[in-house]
């Protein structure tokens, strides 16, 4: 009996965490919108160059030590219209390269134990090469032909049509996020960023 209650609570915890994650993405998107047009123009002009966008993704992931956090931020920025989809694709590729720093640091944590360090470093290297080779192959294809952007746009229209982001992310917290963001944009973004962590 106790095990079944624990399992139910675990499942509810997973759904609650997923719900809070989606609320955080929505709040982040709303907060970024409210930073103003100058912020959006600056980010769009910066990410207009795919090489710079790639390095922004690498740098952000290296700083956050989490490609999931970087990717979530990029998705929120695309949802708010701050970053275009064509600018987001190289940034996400950069996030995948940036995450190679994290697994290498984790493998170095085993340096005092010879065999463990050897296996950990081998696994980290496999991950590094996979991400680097994927970007080496996909980045030129995306740069010249826009394959990933076109596929993502096609799938988005196929699955969701032309609905707005407001129709996808309906939540009881949305009104509070919009109310709070009118006066406390930066505070709201920091709070939602920690919710996503």
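The values are calculated or read from the model by the stated rules, or taken from the named source; none is laboratory data. All figures in this text were calculated on a predicted structure; none of them were measured in a lab. Don't worry about glycine lacking a Cβ; one is built from the backbone with ideal geometry, like all the others, and counts go over all protein chains shown.
Consider residue 35 carefully, then state whether it is buried (at least 16 other Cβ atoms within 10 Å of the Cβ), part of a loop (DSSP other than H, G, I, E, B), modelled with pLDDT under 70 and touching a helix residue (DSSP H, G or I) at 6+ places or on another chain (Cβ under 7 Å).
yes
Do we have any residue at all in the stretch 162-176 that's at pLDDT below 85, exposed (fewer than 11 other Cβ atoms within 10 Å of the Cβ) and part of a helix (DSSP H, G or I)?
yes
Which of the following residues is under 21 Å from the mean Cα position of the chain (by Cα) and surrounded by fewer than 12 Cβ atoms within 10 Å (Cβ to Cβ): 133, 138?
133
Taking the options 92, 52, name whichever one is touching a helix residue (DSSP H, G or I) at 6+ places or on another chain (Cβ under 7 Å), assigned to a helix (DSSP H, G or I) and within 30 Å of residue 23 (Cβ to Cβ).
Exactly one of 92, 52 is touching a helix residue (DSSP H, G or I) at 6+ places or on another chain (Cβ under 7 Å), assigned to a helix (DSSP H, G or I) and within 30 Å of residue 23 (Cβ to Cβ), namely 92.
State the number of residues belonging to the stretch 137-160 that are touching a residue at least 24 places away in the same chain (Cβ under 8 Å) and part of a helix (DSSP H, G or I).
Residues meeting the conditions: 8.
Could you please tell me which pairs satisfy a Cβ distance under 7 Å, a separation of 6+ or placement on different chains, a first residue in the stretch 45-74 that is assigned by TED's automatic domain parsing to the domain that holds residue 140, and a second residue that is in a loop (DSSP other than H, G, I, E, B)?
The qualifying pairs are 47/83; 69/197; 74/83.
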